[in-house]
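Okay, structure first, notes after.
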Amino acid sequence: MRNPAFQRKAPSTIRRACQLACAAALFGAATLSHAQDAQISDDVVRLGVISDLAGPFADITGPGTVTAVQMAIDDFGGKVLGKKIELVTADHQNKADIAASKAREWFDTGKVDALMDVAVSAPALAVLEVAKQKNKVIVFNGPGIDRLTNDLCMPSTVHYVYDTYALANVTASAITQRGGKDWFFLTADYAFGNSLQDEASKVVNANGGKVLGAAKHPIGASDFASFMMTAQQSKAQIIGLANAGADTVNAVKAAREFGLIGANSKQTLAGLLMYITDVHALGLKTASGLMLTEGFYWDMNDETRAFAKRYFAKMKKMPNMSQAGAYSSTMHYLKAVQAAKTDDTAKVMTQMKSTPINDFFAKNGRIREDGRMVHDMYLFQVKSPAESKYPWDYFKLIATVPGDKAFLPLAQSKCPMVKK
């Protein structure tokens with residue numbers, strides 16, 4: 001005779017077993033459907049960084065940018081849509097032909113889906129054309145020339161961190177409005193430097209100032225003495241440094257030697273592109289008082305400090321804006337791939353442009369139709385040694401400039417994709 005208790009429980013037990021089996025079947029079907037829906041070329045999402053890994057710009061981009069991109073990949077879990085994420089890197093040695101050749105090789109045979117940075121403007125311009133031909137996503141965090149999302153824009157380009165327009169607009173306008181009317185430029189003679197000088201000159205003139213002259217130097221110049229003598233003889237109130245990296249550091253050191261920096265100087269130095277790593281290399285005694293524009297500072301809030309602490313553990317230095325932007329843009333790209341369920345260029349770009357950016361790097365950032373990522377920019381002044389309270393405590397905030405005021409207005413863009 002059967003146990004009555006068993007008879008009462010049997011139907012419930014059977015129903016429960018059926019429910020579990022059905023749930024498992026549905027989960028398996030959903031997983032299979034998700035895998036079938038996801039379209040990842042070659043079953044790998046492969047990202048690339050082409051940078052200056054050992055030259056004059058290595059400290060402001062190079063290994064630090066590679067580290068930031070890898071951190072984003074690791075934080076994402078190393079996979080997207082169940083597919084592995086890989087990172088490949090190359091040193092372009094600041095040569096446009098090497099950068100273009102490497103990009104073409106990666107796109108043709110290396111199966112690279114997107115470039116997360118191409119440091120330095122001349123190589124960036126060369127790679128831009130290759131990415132256009134191959135219909136690949138390319139994100140710029142290191143180069144500054146604004147043509148990348150202006151007259152040379154393309155559907156799959158993103159200029160993420162800064163550009164020459166924003167640097168000139170924020171720095172030059174602030175200084176000119178404070179009384180620094182007469183300018184002389186010390187300019188690196190390549191695409192970025194020339195663009196930065198041109199943009200800053202427009203801002204100076206628009207604010208009632210005057211450009212008295214300019215001296216141009218090659219990348220990696222070892223002796224700035226003659227340039228500083230010319231700048232000094234110009235008697236300009238402001239010496240604008242339209243260069244970057246080691247060139248900026250060496251120029252500031254030379255300016256100190258010639259007395260262009262200091263209490264007795266009648267001239268003031270303005271770094272149109274200076275990174276926190278530049279200030280660290282110079283030291284506060286030399287760099288104190290310099291004005292500069294940044295898109296990120298590690299010590300602004302708890303979120304920026306949390307990222308910086310993890311980055312510092314790997315690099316033994318604080319991240320600058322290009323390196324922080326490399327992390328942020330990589331995460332934004334991977335989230336777009338996940339949401340779009342594909343690494344298809346057009347679909348990923350649509351997702352990236354339709355999704356606001358809210359992280360430690362930017363709040364309410366957005367990628368416009370021309371590819372310009374619009375976010376707040378900050379005007380800082382370098383602290384004196386007495387004002388600095390702890391390691392890497394270098395900047396004091398002078399002004400926050402909203403993105404729509406810092407970057408080129410869309411109505412003025414020459415990008416052919418912008419609807420007039």
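Checking the conditions here, which among Pro402, Pro391 is open to solvent by 10 Å² or more (accessible area, probe 1.4 Å), farther than 25 Å from Lys309 by Cβ and modelled with pLDDT of 95 or more?
After ruling out the rest, the residue left standing is Pro402.
For region 104-145, how many residues are modelled with pLDDT of 95 or more, under 14 Å from the mean Cα position of the chain (by Cα) and not in a loop (DSSP other than H, G, I, E, B)?
Residues flagged as modelled with pLDDT of 95 or more, under 14 Å from the mean Cα position of the chain (by Cα) and not in a loop (DSSP other than H, G, I, E, B) within region 104-145 amount to 8.
Starting from residues that are in a helix (DSSP H, G or I) and of a type in the set (D, E, K, R), keep the ones in region 279-329 and report whichever is modelled with the lowest pLDDT.
Residue satisfying both the conditions and the ranking: Lys285.
This table checks each residue for (1) buried (at least 24 other Cβ atoms within 10 Å of the Cβ); (2) free of Cβ contacts under 8 Å to residues at least 12 places away in the same chain; (3) among the hydroxyl-bearing types (Ser, Thr, Tyr).
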{"site": "Asp151", "(1), (2), (3)": "no, no, no"}
{"site": "Met154", "(1), (2), (3)": "no, no, no"}
{"site": "Tyr162", "(1), (2), (3)": "yes, no, yes"}
{"site": "Phe185", "(1), (2), (3)": "yes, no, no"}
{"site": "Val211", "(1), (2), (3)": "no, no, no"}
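From the list Ala206, Ala255, Ala191, pick out the single residue that is without any contact (Cβ under 8 Å) to a residue 60 or more places away in the chain and either open to solvent by less than 20 Å² (accessible area, probe 1.4 Å) or within 25 Å of Ala119 (Cβ to Cβ) (or both).
Ala255 is the lone residue from the list that is without any contact (Cβ under 8 Å) to a residue 60 or more places away in the chain and either open to solvent by less than 20 Å² (accessible area, probe 1.4 Å) or within 25 Å of Ala119 (Cβ to Cβ) (or both).
From the set of residues in region 19-44 that are under 20 Å from Met116 (Cα atoms) and open to solvent by 70 Å² or more (accessible area, probe 1.4 Å), which is modelled with the highest pLDDT?
Selected residue: Asp43.
Restricting the search to region 45-67, which residues are in a strand (DSSP E or B) and either hydroxyl-bearing (Ser, Thr, Tyr) or open to solvent by 20 Å² or more (accessible area, probe 1.4 Å) (or both)?
Arg46, Ser51
What are the pairs with Cβ atoms under 8 angstrom where one residue, in region 397-420, is closer than 16 Å to Met377 by Cβ and the other, located anywhere, is of a type in the set (Gly, Ala, Ser) and assigned to a helix (DSSP H, G or I)? Sequence gap at least six, or different chains.
Partner pairs satisfying both residue conditions: Ile398/Ala174; Ala399/Ala174; Ala406/Ala166; Phe407/Ala166; Leu408/Ala166.
Listed residues Ala287, Ala324; which is under 21 Å from Gly365 (Cα atoms), open to solvent by less than 40 Å² (accessible area, probe 1.4 Å), of a type in the set (A, V, I, L, M) and in contact with a helix residue (DSSP H, G or I) (Cβ under 9 Å, 6 or more places away or on another chain)?
Criteria check complete, one pass: Ala324.
Across region 395-420, what is the number of residues that are within 16 Å of Ala172 (Cα to Cα), in contact with a His (Cβ under 9 Å, 6 or more places away or on another chain) and in a helix (DSSP H, G or I)?
1
Check Asn250, Asn243 and return the single one that is over 13 Å from Asp182 (Cβ atoms), buried (at least 21 other Cβ atoms within 10 Å of the Cβ) and polar (S, T, N, Q).
One residue alone meets the criteria, Asn243.
Quick one: in region 68-107, of everything that is β-branched (Val, Ile, Thr) and free of Cβ contacts under 8 Å to residues at least 60 places away in the same chain, which residue is surrounded by the most Cβ atoms within 10 Å (Cβ to Cβ)?
My answer is Thr89.
The values are calculated or read from the model by the stated rules, or taken from the named source; none is laboratory data. Since we're looking at a predicted model, the values are computed, not measured. Ideal geometry is used to build each Cβ from the backbone, glycine not excepted, and the neighbour counts take in all protein chains shown. To get the accessible areas, we keep the full protein, side chains included, count just its heavy atoms, and leave off ligands, DNA and RNA. Shrake-Rupley method; radii C 1.70, N 1.55, O 1.52, S 1.80 Å.
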